[in-house]
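Right, one structure below, let's go through it.
The values are calculated or read from the model by the stated rules, or taken from the named source; none is laboratory data. Since we're looking at a predicted model, the values are computed, not measured. Cβ sites come from the backbone with ideal geometry, for glycine too, and all protein chains shown count toward neighbours. These accessible areas exclude ligands, DNA and RNA; they are computed on the full protein's heavy atoms, side chains included. Shrake-Rupley method; radii C 1.70, N 1.55, O 1.52, S 1.80 Å.
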Amino acid sequence: MHEHIRHRCVRLGELLIETGETVRVLAKMTGYSKSTVHKDLTERLFLVNEELANEVKEILAYHKSIRHLRGGEATRKKWQSRQTQ
């Protein structure tokens with residue numbers, strides 16, 4: 001693995017822990033694709049820094065456990081905005 005990829009993985013992991021944002025938001029913040037951010041956090045980070053990867057894993061598991069709530073809220077807002085128009 002190239003050194004710049006190692007640094008990117010650690011930087012993304014630290015940013016996730018610091019902000020607690022979703023993978024999509026991190027991708028927009030950093031300019032990387034959602035796929036790259038997800039792969040860095042779920043696969044590559046374990047090879048670089050296992051302790052950091054375990055912390056990231058907990059946050060990603062939390063996001064996964066509440067994704068159905070976020071999706072439902074987005075749908076509710078979408079339909080509310082259509083009714084007011």
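At a probe radius of 1.4 angstrom, the accessible area of the chain per residue rounds to 73 square angstrom. For the chain, the average shadow cast by the Cα convex hull is 6.3 nm², which is a quarter of the hull's surface. Averaging Cα coordinates gives a centre for the stretch 10-25 and one for the stretch 32-85; these two points are 10 Å apart. Stretching Phe46 away from Tyr32 to a fully extended chain increases their span by 3.1 nm, per 0.36 nm per residue minus the current alpha-carbon distance.
Go ahead and collect, in residue order, the members of the stretch 10-41 whose backbone nitrogen is under 20 Å from a label point 7 Å along the Cα-Cβ direction of Leu69. Only 17-26 pass the distance filter. When a 1.4 Å probe is rolled over the protein heavy atoms, the share of accessible surface on the chain that falls to carbon and sulfur comes to 50 percent.
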